[in-house]
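J.: Can you read through this structure? Questions will come right after.
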Amino acid sequence: MILLCYHYSNEFVVKMRWVSPHTITGSPAENEKYLRREYINEEFWEYVGAGKHILFTAPRRIGKSSVMKDLEKTCPDGVLAIYEDIESDKNQHEFFKRLFELLVERLGKKGKLKRLAGWLKSKSIGEVSPDGRVKFIEKQRDYKSELLELIKEMGSEQLKVVMLLDEFPDVLQSILDNDGKKAAVDTLHTLREIRHTSEFKNFTLVFAGSIGLEHVVAKVDGRLKLINDLEPIQIDQLDPEEAKDLIHQLLEGASMTISEEVMDYMLEKINYLLPYFVQLMLDKTNRVLRKKRQTELTEEDVDTAFELVVKEGRNFGDWEKRLTDYLSKMDAEFCIGMLTRYAHDPEYLLQKALNYSVKVKPDTHYKELLDDVLVKDGYLAREGQKYRFQSPFLREWWKVRYPAIGIDD
Amino acid sequence: MRPITYYQMANLSDEEVKEQFVVRMDEYDQVISEIERDRMTGSIQHYVFVGQRGSGKSTLLRRIQAEVNTSSKLAKRLIAINLSEEQAGIYRLCDLWDRVAQELTLQSVSVEEVSWEVYGNDMTAYAKALYLTIQKALKKHKKKLVLLLDNIDRIFETIKGDQKLFRELLINYKDVRIIGGSTRLSEHHWQYEEPFYEFFSIIRLEALTREELRELLEFWSEFFSEPSLKEFIERHPGRLESIRILSDGMPRTMLNLIELLIHEPDKKGYEYLRQIVDRATPIYQERLGILPPALQKVLLELSFFWDAVKVKELVAAVKMESKTVSAMLKQLVDMQIVEKLKGQGRNHMYRLKERFFNLWLLMTQGGPKQKNQVKWLTAFLETWYDEEGLKVYYKKLIGELAEMDVQKAWPMAKALVHSRYLSLDERDYLISEFSKISGTAHLKMSMPESSNEVFTEALLYAHGKNLEKAIETIESIEQNDFRKNLLLGLLSYQRSDFENALVEFSKAFELGVEIAELGIGVSYLGIGDTTTALAHFKNAVEKGVPLSELLMGRYYNSIHNTSKAGKYFSLFATKFYQAGHLDQIGVDAYIMVIEWWYALDEKSLLPFLDVAAVSGYPSALIDRLYVDYELRQRQLEIQNNDIELPALDYQIGLKDRCILLIMRLWKNEEISVDQTYSILEEAITQRETLMVNWLIKQLLLHYQVDLVRLLYENPKFGNKLMDIARTLFIASDLIESKDPSDEYEGKGYAPELKETTLNLISFIRYSRSKLYRKNESK
C-alpha cells in the first residue's frame, strides 16, 4: 500500500492509495483476469485433434467468450486459431465475406501469404504488399465459393485453422430474418459441407452463442440434422476450489484481503459459481471496503455487497423465457409455480410439490421436471429431498417477479 | 457572490477542473486507478456512472478527461475524447465514429477520411470502416482511446440497429475504453436479449454524504472568496443537513438551495419560494422531460400525494392497471427518482425520493386542487427552516400580515398553521390574525378552526357518544399541546382505553401540567394497578396539586374506608377555598379536568366554577354552565353577587356587554333586540368570530329562533354573519323540525356541513332538555 498526499484547498490530507483487484465485469476476461481451466482446453484440443467441430453451450455470462479467447491465445504449434465476435453480420453475404477476409488477413500475419499471393492476384481478389498486408479489391463477388476455394487452396499447407465464431446463432437469426429460410438453410449446409469434406479437413469450426444454436436451427429447418455432428462442450460453473483460485488471482497486489472463512462465506452466498458472479461480488466488495478504507473483508461487507448487486436489478428474464419457450404450456406453468414456491419458501416440501402437480397437471412427471429440467438447467440444486435455488441472485429476482400471492398449498 | 450554480465545469481548463474537483473522489479514484494500471492489452473494463441529473456525472467525466490530458504518464499512451456537448447529431454508430475522428484530428491524431458514398446505403459497413481508420490512426500514434460518453443511454437508443456492431468492435479490438454517464439503469438495451446486457461496470452516484457536502461547501467558500458560505456551514449544521435530505444529496440542487438561503433575508415568503422553484426549473424540467408520458403521469400523480403511498392508492389516481403501475414504479425506483419504503405487512410504500423535486412538481404541475393542499408546503418549511428559524419566520409573517395581499399570504399562513413547530397559541393567533384580512369566505374556509372551536366540536361529538370521532377531531391539530393531551386522555378514559389515556396524561405531565398526574392515577386505577395509582395520587397531594385530595377521598370512599375518605375530603375543601388565583395554564388545565370531572360527577363541578370564573375564564365557564339547571342557579348566584368577570384577551367592553346579554337570557329576563344587534355588529366588525358563534348558540338554546333569523337577514351585517356562522344558520332553520336529517337534504344545504350541523342541533336540544323541564317553553 502506498501513502499519497493530495493537495487541495490549502490542506494536506493523507489518503491511502487504494489498489483494486483485477476484476472485469462485462468484457470477456483475459490474462490475469481470467482463470484457465486446463481440462476445458485439453478436452477442446483433443476434440480438434480428432477432427471434431465444436459447439460451446452455456447461457450468457458463463464465460464462453473468455474461454474461446484463451483458446485462441494458447493454441498448439501448427495451428492457427482465429477468434472473432461476428454478431453484427446481417446476411449470408456479409457472413462469408467476413470469414473469407478474416482468414486471408490472419494467414498473412502467420506468414502464409506469399504462397497465396499468386492465387489472390489471379482471382483479382487483392494485392499482397511486401509487409504481408492484403489490399482487397472492392468488387461484387461470391464470397461463399471464394471461401471454399481458399480453404481448399490451403489444404496442402501443414497448418490447421480453427475458427472460433462467437455469437454465430445471432448471425444465423439475422440471415433468416433478412435473406429468408432458403439462405439460412444454405448457410448451414455450406458449413456442414466444410465439416464433412475431406478436402477441408484442416479447417475446424467452433460455434458459440448466448442464444441456443439448436433453437435457431430448429426454426430454420425444423430438425437438428444440420448441426448434429457438432461436438458439444458444456462449460460449467466453477467448483469452490477454482473459485478460490480465481479470487486469489484477482486479488494479486490489491489492497483488499479475504480470510479463508470469509471467502467460504462469500462463495456460499454466491452459490452459483459463475466466474461472472465471482468477479461481480469481488468488484462490489472492493467498493464497499474502499469506501470504508478498510482492507480486511468481513461477512457483513459481503452481505452489503450482495445487497448492492441485488439492488442493481440484474435481469434474469431469460431464465423465465427459456421455460416458456422450450416447455409445453402446462409444464412451464408447473416449473414457474415450483420456482416461485422455492423462492419464497426454502423449506418447501417435496410432498407439497406432488400435491401441486396434481393440481396443475403438467404433461411431464413432476419429478422429471424438477430433476431433468430445473436442476439440470441450473435453476435449482437438490439436497436430499429438498430443492433450493442455485443462484441467490436469481432467487431474489424471482421473488420480485413472482410475489407470494395466491400460494395456498 | 458569484452564482456558483451557473458555473459549468465543461468550460474550464483542465487545470481548473482538477483544482475544483473535490467530491466524488471515491468514484473518480476507482476508474482512474484502473485506467492508470491497465495497459488495455487484455480485457478492458468499461464503466457507466448512473445517477440523476445534477448528481455529478458530467463533472466526473470531465475530471477523468482532464487527468488523461495532463498526466504525462497517461497522455503518453492515451487520448481522451469527451462527447458531452456535441451529441445532438449522433443517431447512427457512424455518426459517433465520425465525431470521434474529427476530435482526434483536432488533437493532432489525424484520421484518414472515409467516403461514405462507397458504402451506398450500408451505414453499418461505413461505421466499421470508420472505426478501422480510427484504429489505424491510433496505432500510428501508439495511443489508445478513452471515450467519455455522457447520456450513453440516449446514444444507445439512437444507434439501436448498430448496437451489435458496437459491441463486436469493443470485443474484437482493444483500442477503446468507454466511460459513460446515464440517468437510467434498467433500460431495455441493458436487458438480457440486448447486446450490452451486463457489459459495463455500473457505478451508482448516490447522495453526497454529510462530509462530502461540507467539504464541497468549504471549498466553494474559499474558492469564491465567499466567507458567508463557510459561516453558514458553521452556524447551521442542522439546516445544512435538512437541505441535504430535501435535495436527496444531489449536488446541483443543493448548491441552488444553499445559495438562495444565504441571500434569504430580503425575500418574502411565498414569493421567495417561487423564486427558488424557478431556479430549480431547468434541472427538473429536463429530468421530467426524458420520461415517457406514461411514466410522467405516474410520477406526477405520486407527487400529488406528497407522502408515501401504496400501489393501490396510486392505481386509483392514475387509472391504470395495477400491474402496469407496479412496473412503472419499478422503473422509477431504478432511476432513483422514486424510493421504495417498507410499509406494513407485505405492501411497499412509494414516494418521490427528492422532496424538493416533489415540491417543484406540485408547484409547477399541480392543478388548483393540489396547490390547495399545503401539507407539502408545511413539510417544506419545516425542513427548510429548523424549529427556531420557523418561529422567526412566523413572527415576521405576523408582523407583515396586515399589509400583505391575502392571496399571497394564505398559502404560507396555512402552511404555518399546520406546522408542529408552532405552539397552539401561536397557531390560534395566526388563525385569528389571518381572519382579519381574509376577505372571501373561500380563503377563510381553507384555514382550520381555532383550537377552541376544535375542542368544542370534539366535545359535541363526545356528548353524542361518538368518542372516536371526538378523538379524531382533536388529532386534526398538529401542534403538541397539553390541552390536546389532556383532552385525548379524558376521551380515552371515557372509552375505557386506559392504556392510551395513560400515554396522553403522561405526555401532558411531561409538559409540566401537574394536574395530569391525577389522570395518570385514574388510568392506573382503570388498568387495575391500584398501588401505582395510589402512589401517583399521594405524590400529587404532596405537591399540592388541586383536586388530588378529592380523588384520594373518592378512592378511599370506594373501598369503604370512611375515615381516610373524610380526611381527604376535608383537606380538599380547605385547600380549595384557600386557593387564590391560577395562572393561564392552570386555568386551562382546570377547565379540562372540569369537563372530564363533569362526566363523572356533575355536582362536584360547582366549586371549580367559582375558581375558573374569578381566574378569568368566562367563555369556557359559561358555555358549559347551562347544561344543568342546578348549575344555572349557581351561575345566577355568581351574577347576583356581582362577581366581576375580567376578560383576559378580549376587549373588555364588548365582551362584558355580550356576557351581560347572555346572563339576561339565563335569568329569563327580557333582552333588547337593538342591543343584540349592536353587540353582534361590533363583534362581526372586530372579527370576534368565537364570540359571534357563542352568542348565536346561546340565543338558539334559549329558544330565540325568530331573533336569530332576523339577525341573519340584517341588511348591514347579515351576509357577513352568514360567512362566519353558516352552520348555526342552518341549525336555526332546522332546530324545530321533527327530522332535521331528512329535511337537511330537502333544503339543499351543503352536504359537507351536514354532520356538524346535526351534531350542533342535537347538542342544543340536549342542553335545552336539561335546562328547561319538559314541555316548558318560552
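J.: Looking at A:D301, A:D245, A:D264, A:D229 in this structure, which one is charged (D, E, K, R), in contact (Cβ under 8 Å) with a residue 60 or more places away in the chain and assigned to a helix (DSSP H, G or I)?
T.: Values: A:D301 fails: in contact (Cβ under 8 Å) with a residue 60 or more places away in the chain; A:D264 fails: in contact (Cβ under 8 Å) with a residue 60 or more places away in the chain; A:D229 fails: assigned to a helix (DSSP H, G or I).
Answer to the check: A:D245.
J.: Among residues belonging to region B:30-49 that are among the hydrophobic types (A, V, I, L, M, F, W, C) and in a loop (DSSP other than H, G, I, E, B), point out the one that is farthest from the other protein chains (Cβ to nearest Cβ). Give the steps one after another, and end with the answer.
T.: Taking region B:30-49 and keeping what is among the hydrophobic types (A, V, I, L, M, F, W, C), we get B:31-32, B:35, B:40, B:44, B:48-49.
Keeping just the survivors that are in a loop (DSSP other than H, G, I, E, B) gives B:40, B:44.
Values: B:M40: 11, B:I44: 6 Å.
For region B:30-49, the residue satisfying everything is B:M40.
J.: Right, here's the next one. Is it true that B:N172 is at pLDDT 85 or above and within 11 Å of another protein chain (Cβ to nearest Cβ)? Steps first, please.
T.: Working: at pLDDT 85 or above: yes; within 11 Å of another protein chain (Cβ to nearest Cβ): yes.
Yes; evaluated as a whole, the condition is true for this residue.
J.: Then there's this: Give me a count of the residues in region B:305-315 that are part of a helix (DSSP H, G or I) and either in contact with a His (Cβ under 8 Å, 6 or more places away or on another chain) or closer than 23 Å to B:L359 by Cβ (or both).
T.: Residues of region B:305-315 part of a helix (DSSP H, G or I): B:305, B:311-315.
Filter once more, so that each one left must be either in contact with a His (Cβ under 8 Å, 6 or more places away or on another chain) or closer than 23 Å to B:L359 by Cβ (or both): B:305, B:311, B:313-314.
Matching residues across region B:305-315 total 4.
J.: I need a count of the residues in region A:56-80 that are assigned to a helix (DSSP H, G or I), in contact (Cβ under 8 Å) with a residue 60 or more places away in the chain and more than 10 Å from every other protein chain (Cβ to nearest Cβ).
T.: Here the count works out to 5.
J.: Just to be sure before I move on: is A:L349 among the aliphatic types (A, V, I, L, M), in contact with a strand residue (DSSP E or B) (Cβ under 9 Å, 6 or more places away or on another chain) and either over 21 Å from A:Y272 (Cβ atoms) or away from chain B (no Cβ under 14 Å) (or both) in the structure I sent? So that I can check it myself, show each step before the final result.
T.: On the way: among the aliphatic types (A, V, I, L, M): yes; in contact with a strand residue (DSSP E or B) (Cβ under 9 Å, 6 or more places away or on another chain): yes; either over 21 Å from A:Y272 (Cβ atoms) or away from chain B (no Cβ under 14 Å) (or both): yes.
Yes; evaluated as a whole, the condition is true for this residue.
J.: Take region B:73-94 and flag every residue that is of a type outside the set (A, V, I, L, M) and either in contact with a Phe, Trp or Tyr (Cβ under 7 Å, 6 or more places away or on another chain) or touching a residue at least 12 places away in the same chain (Cβ under 8 Å) (or both). Quick ask: steps written out before the conclusion?
T.: Here is the first cut: in region B:73-94, the ones of a type outside the set (A, V, I, L, M) are B:73, B:76-77, B:82, B:84-87, B:89, B:91-92, B:94.
Result: B:K73, B:R77, B:N82, B:S84, B:E85, B:E86, B:Q87, B:Y91, B:R92, B:C94.
J.: To continue, here is another question. Can you name the residue in region A:354-386 that is in contact with a helix residue (DSSP H, G or I) (Cβ under 9 Å, 6 or more places away or on another chain) and closer than 28 Å to A:T304 by Cβ and, of all such residues, is surrounded by the fewest Cβ atoms within 10 Å (Cβ to Cβ)?
T.: Among those residues, the one meeting the criterion is A:A381.
J.: Can you find even one residue in region B:81-95 that is part of a strand (DSSP E or B), closer than 30 Å to A:S20 by Cβ and more than 13 Å from chain A (Cβ to nearest Cβ)? Steps first, answer last, please.
T.: Narrowing region B:81-95 to residues part of a strand (DSSP E or B): B:81-82.
Add one more test, that the residue is closer than 30 Å to A:S20 by Cβ, and what stays is B:81-82.
Still in the running and more than 13 Å from chain A (Cβ to nearest Cβ): B:81-82.
Yes, region B:81-95 has at least one match.
J.: Of all the helices (runs of 4 or more DSSP H) wholly in region B:337-426, which have at least 2 residues that are at pLDDT 80 or above, closer than 21 Å to B:A207 by Cβ and out of contact with any Leu (no Cβ under 8 Å at 6 or more places or on another chain)? Can you show your working first?
T.: Values: elements: B:355-365, B:368-372, B:375-384, B:387-401, B:406-417.
Where helices (runs of 4 or more DSSP H) fall fully within region B:337-426 and carry at least 2 residues being at pLDDT 80 or above, closer than 21 Å to B:A207 by Cβ and out of contact with any Leu (no Cβ under 8 Å at 6 or more places or on another chain), they are B:355-365.
Residue by residue, here is whether (1) touching a helix residue (DSSP H, G or I) at 6+ places or on another chain (Cβ under 7 Å); (2) surrounded by fewer than 18 Cβ atoms within 10 Å (Cβ to Cβ); (3) assigned to a loop (DSSP other than H, G, I, E, B); (4) away from chain A (no Cβ under 13 Å) holds:
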{"residue": "B:R99", "(1), (2), (3), (4)": "no, yes, no, yes"}
{"residue": "B:L104", "(1), (2), (3), (4)": "yes, no, no, yes"}
{"residue": "B:V114", "(1), (2), (3), (4)": "yes, no, yes, no"}
{"residue": "B:L148", "(1), (2), (3), (4)": "yes, no, no, yes"}
{"residue": "B:G161", "(1), (2), (3), (4)": "no, yes, no, no"}
{"residue": "B:L165", "(1), (2), (3), (4)": "yes, no, no, no"}
{"residue": "B:G181", "(1), (2), (3), (4)": "yes, no, no, yes"}
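J.: Say whether the condition of being under 25 Å from B:S201 (Cβ atoms) and either buried (at least 18 other Cβ atoms within 10 Å of the Cβ) or modelled with pLDDT of 85 or more (or both) is met by at least one residue in region A:327-343.
T.: So in region A:327-343, the residues under 25 Å from B:S201 (Cβ atoms) come out as none.
Checking region A:327-343: not a single residue is under 25 Å from B:S201 (Cβ atoms) and either buried (at least 18 other Cβ atoms within 10 Å of the Cβ) or modelled with pLDDT of 85 or more (or both).
J.: In region B:515-530, what residues are more than 18 Å from B:D497 (Cβ to Cβ), without any contact (Cβ under 8 Å) to a residue 40 or more places away in the chain and under 40 Å from the mean Cα position of the chain (by Cα)?
T.: Kept after step one, since they are more than 18 Å from B:D497 (Cβ to Cβ), are these residues of region B:515-530: B:515, B:517, B:530.
Keeping just the survivors that are without any contact (Cβ under 8 Å) to a residue 40 or more places away in the chain gives B:517, B:530.
If the condition is that a residue be more than 18 Å from B:D497 (Cβ to Cβ), without any contact (Cβ under 8 Å) to a residue 40 or more places away in the chain and under 40 Å from the mean Cα position of the chain (by Cα), then B:E517 is the only one that fits.
J.: Output the number of residues of region B:50-80 satisfying the condition of being in contact with a Ser or Thr (Cβ under 8 Å, 6 or more places away or on another chain) and either assigned to a loop (DSSP other than H, G, I, E, B) or within 19 Å of B:T158 (Cα to Cα) (or both).
T.: Residues of region B:50-80 in contact with a Ser or Thr (Cβ under 8 Å, 6 or more places away or on another chain): B:50-54, B:57-58, B:61-62.
Next cut, either assigned to a loop (DSSP other than H, G, I, E, B) or within 19 Å of B:T158 (Cα to Cα) (or both) only: B:50-54.
Within region B:50-80, residues that are in contact with a Ser or Thr (Cβ under 8 Å, 6 or more places away or on another chain) and either assigned to a loop (DSSP other than H, G, I, E, B) or within 19 Å of B:T158 (Cα to Cα) (or both) number 5.
J.: Scanning for something of a type in the set (G, A, S), touching a Gly at 6+ places or on another chain (Cβ under 9 Å) and either exposed (fewer than 15 other Cβ atoms within 10 Å of the Cβ) or modelled with pLDDT of 90 or more (or both), does region B:540-556 turn up at least one residue? So that I can check it myself, show each step before the final result.
T.: Restricting attention to region B:540-556, the residues satisfying the condition of being of a type in the set (G, A, S) are B:540, B:544, B:548, B:553.
Retained after the next criterion (residues that are touching a Gly at 6+ places or on another chain (Cβ under 9 Å)): B:540, B:548, B:553.
Within this subset, residues satisfying the condition of being either exposed (fewer than 15 other Cβ atoms within 10 Å of the Cβ) or modelled with pLDDT of 90 or more (or both) are none.
So far as region B:540-556 goes, no, none of its residues is of a type in the set (G, A, S), touching a Gly at 6+ places or on another chain (Cβ under 9 Å) and either exposed (fewer than 15 other Cβ atoms within 10 Å of the Cβ) or modelled with pLDDT of 90 or more (or both).
J.: Considering only residues that are of a type in the set (A, V, I, L, M, F, W, C) and either within 13 Å of chain A (Cβ to nearest Cβ) or touching a His at 6+ places or on another chain (Cβ under 9 Å) (or both), look in region B:216-234 and name the one that is farthest from B:F21 (Cα to Cα). I'd like the intermediate steps shown before the answer.
T.: So the first thing to find is which residues in region B:216-234 are of a type in the set (A, V, I, L, M, F, W, C), and the list is B:216-217, B:219-220, B:223-224, B:229, B:232-233.
The next check asks that each one be either within 13 Å of chain A (Cβ to nearest Cβ) or touching a His at 6+ places or on another chain (Cβ under 9 Å) (or both); those that pass are B:216-217, B:219-220, B:223-224, B:229.
Working: B:L216: 9, B:L217: 12, B:F219: 9, B:W220: 10, B:F223: 11, B:F224: 14, B:L229: 18 Å.
If we take residues in region B:216-234 being of a type in the set (A, V, I, L, M, F, W, C) and either within 13 Å of chain A (Cβ to nearest Cβ) or touching a His at 6+ places or on another chain (Cβ under 9 Å) (or both), then B:L229 is farthest from B:F21 (Cα to Cα).
J.: Looking at region B:292-327, which of its residues are within 26 Å of B:L257 (Cβ to Cβ) and without any contact (Cβ under 8 Å) to a residue 12 or more places away in the chain?
T.: Hit for region B:292-327 is B:Q296, nothing else.
J.: Taking A:I233 and the conditions (1) hydrophobic (A, V, I, L, M, F, W, C); (2) within 28 Å of A:K399 (Cβ to Cβ); (3) away from every other protein chain (no Cβ under 14 Å), which numbered condition does it fall short on, given that it satisfies the others?
T.: Status for A:I233: all satisfied but (2).
J.: Next question, about the same structure. Which ones in region A:194-221 are in contact (Cβ under 8 Å) with a residue 40 or more places away in the chain, in a helix (DSSP H, G or I) and not basic (K, R)?
T.: Restricting attention to region A:194-221, the residues satisfying the condition of being in contact (Cβ under 8 Å) with a residue 40 or more places away in the chain are A:194-195, A:199-213, A:215-217, A:219-220.
If we keep only those that are in a helix (DSSP H, G or I) too, we end up with A:194-195, A:199-200, A:213, A:215-217, A:219-220.
Those that are in contact (Cβ under 8 Å) with a residue 40 or more places away in the chain, in a helix (DSSP H, G or I) and not basic (K, R): A:I194, A:E199, A:F200, A:L213, A:H215, A:V216, A:V217, A:V220.
J.: I want to confirm something. Restricting to region A:20-55 and keeping residues that are at the interface with chain B (Cβ under 7 Å from one of its Cβ atoms) and farther than 20 Å from A:K244 by Cβ, which single residue is modelled with the lowest pLDDT?
T.: A:G26
J.: What single numbered condition from (1) without any contact (Cβ under 8 Å) to a residue 12 or more places away in the chain; (2) assigned to a helix (DSSP H, G or I) fails to hold for B:L130?
T.: Unmet for B:L130, out of (1) without any contact (Cβ under 8 Å) to a residue 12 or more places away in the chain; (2) assigned to a helix (DSSP H, G or I): (1).
J.: Among the candidates B:L104, B:L147, single out the residue that is within 20 Å of B:V48 (Cα to Cα) and at pLDDT 90 or above. Can you show your working first?
T.: On the way: B:L104 fails: within 20 Å of B:V48 (Cα to Cα).
Sole residue among the options that is within 20 Å of B:V48 (Cα to Cα) and at pLDDT 90 or above: B:L147.
J.: Quick one: would you say B:A533 is within 26 Å of the chain's Cα centre (by Cα), surrounded by 17 or more Cβ atoms within 10 Å (Cβ to Cβ) and free of Cβ contacts under 8 Å to residues at least 24 places away in the same chain? It would help to see each step written out before you state the result.
T.: Numbers: within 26 Å of the chain's Cα centre (by Cα): no; surrounded by 17 or more Cβ atoms within 10 Å (Cβ to Cβ): yes; free of Cβ contacts under 8 Å to residues at least 24 places away in the same chain: yes.
Considered against the rule, which asks whether it is within 26 Å of the chain's Cα centre (by Cα), surrounded by 17 or more Cβ atoms within 10 Å (Cβ to Cβ) and free of Cβ contacts under 8 Å to residues at least 24 places away in the same chain, B:A533 comes out as no.
J.: Please indicate, with yes or no, whether at least one residue in region B:185-198 is in a helix (DSSP H, G or I) and at pLDDT 75 or above. Spell out the reasoning first.
T.: Kept after step one, since they are in a helix (DSSP H, G or I), are these residues of region B:185-198: B:188-190.
When the remaining residues are screened for being at pLDDT 75 or above, the result is none.
Among the residues of region B:185-198, not one is in a helix (DSSP H, G or I) and at pLDDT 75 or above, which makes the answer no.
J.: Kindly evaluate A:L246 against the criterion of being at pLDDT 90 or above and within 20 Å of A:P28 (Cβ to Cβ).
T.: On the way: at pLDDT 90 or above: yes; within 20 Å of A:P28 (Cβ to Cβ): yes.
Criteria met by A:L246.
J.: Quick one: is A:E307 within 18 Å of B:I202 (Cβ to Cβ) and surrounded by fewer than 17 Cβ atoms within 10 Å (Cβ to Cβ)?
T.: Values: within 18 Å of B:I202 (Cβ to Cβ): yes; surrounded by fewer than 17 Cβ atoms within 10 Å (Cβ to Cβ): yes.
Yes, satisfied.
J.: Taking B:S201 as meeting all but one of (1) touching a Lys or Arg at 6+ places or on another chain (Cβ under 9 Å); (2) modelled with pLDDT of 85 or more, write down the number of the exception.
T.: Looking at each condition in turn, B:S201 falls short on (1).
The values are calculated or read from the model by the stated rules, or taken from the named source; none is laboratory data. What you see is a predicted model, and the numbers here were worked out from it, not measured in a lab. Positions of Cβ are backbone-derived with ideal geometry, glycine not excepted, and every protein chain shown enters the neighbour counts.
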